[in-house]
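Read through the structure below, which is laid out as structure tokens, and then see the notes.
The values are calculated or read from the model by the stated rules, or taken from the named source; none is laboratory data. Owing to the predicted nature of the structure, the values given are computational and were not obtained by experimental measurement. Please note: Cβ atoms are built from the backbone with ideal geometry, for glycine as well, and neighbour counts cover all protein chains shown.
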Amino acid sequence: MATAFSKEERAAMRAAAAEAKAAKQGADLEAACVAAIEAMTGTDRSLAETLHALIAEQTPLKPKTWYGMPAYVDGDGKVVVFFQSAAKFNARYATIGFQESAHLDEGALWPTSYAVTSLEGDAREQVVALLRRAVG
């Protein structure tokens, strides 16, 4: 019988449980975020490092991990934006995602996740604009 969750999904759930326990014990959430980024390789790591720097420069959001991924929370502790590496679920591209607490609502339909292969030039400016709107 096939299992309901993939190996990667089960690992993400274990990471979420460990994160919740660590947060209750007063762990350094920023260090955990940086460690998650440092564990990545290649383009995933480069993208995550760039996003991490942009968020630090452009927003008041605080870093942590969320299901083992770098994530950034508002003053209420709600995840606003997260990074998912391509390697995380053997995907074709990395993803920058926004949660409900991001102020990106526009009409009746709007994107909440963006495929990303580069954070240079126009893509960088688009992400900066999204981050500013998200915390606006």
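Out of 67, 114, 72, report the one residue that is surrounded by fewer than 16 Cβ atoms within 10 Å (Cβ to Cβ) and either touching a helix residue (DSSP H, G or I) at 6+ places or on another chain (Cβ under 9 Å) or of a type in the set (A, V, I, L, M) (or both).
After ruling out the rest, the residue left standing is 114.
List pairs: first residue in segment 5-19 and in contact (Cβ under 8 Å) with a residue 12 or more places away in the chain and assigned to a helix (DSSP H, G or I), second residue basic (Lys, Arg) and surrounded by 12 or more Cβ atoms within 10 Å (Cβ to Cβ) anywhere in the structure, Cβ distance under 7 angstrom, at least six positions apart or on different chains.
Sorted first by the residue in segment 5-19, then by its partner, the pairs are 8/88.
This table checks each residue for (1) modelled with pLDDT of 95 or more; (2) polar (S, T, N, Q); (3) assigned to a strand (DSSP E or B).
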site	(1), (2), (3)
27	no, no, no
31	no, no, no
40	yes, no, no
53	yes, no, no
56	yes, no, no
71	yes, no, yes
82	yes, no, yes
88	no, no, no
91	no, no, no
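Which of the residues belonging to segment 33-55 are under 19 Å from residue 122 (Cα atoms) and either small (Gly, Ala, Ser) or loosely packed, with under 14 Cβ neighbours inside 10 Å (or both)?
46, 48, 53
I'm trying to understand the selection: among the residues of segment 36-95, which are under 12 Å from the mean Cα position of the chain (by Cα) and at positive phi?
Answer for segment 36-95, where residues must be under 12 Å from the mean Cα position of the chain (by Cα) and at positive phi: 67, 68.
For segment 107-136, name all the residues that are without any contact (Cβ under 8 Å) to a residue 40 or more places away in the chain, charged (D, E, K, R) and over 20 Å from residue 78 (Cα atoms).
Across segment 107-136, the qualifying residues are 120, 122, 125.
Keeping to segment 96-129, report how many residues are within 14 Å of the chain's Cα centre (by Cα) and either assigned to a loop (DSSP other than H, G, I, E, B) or over 25 Å from residue 39 (Cβ atoms) (or both).
The qualifying residues number 5.
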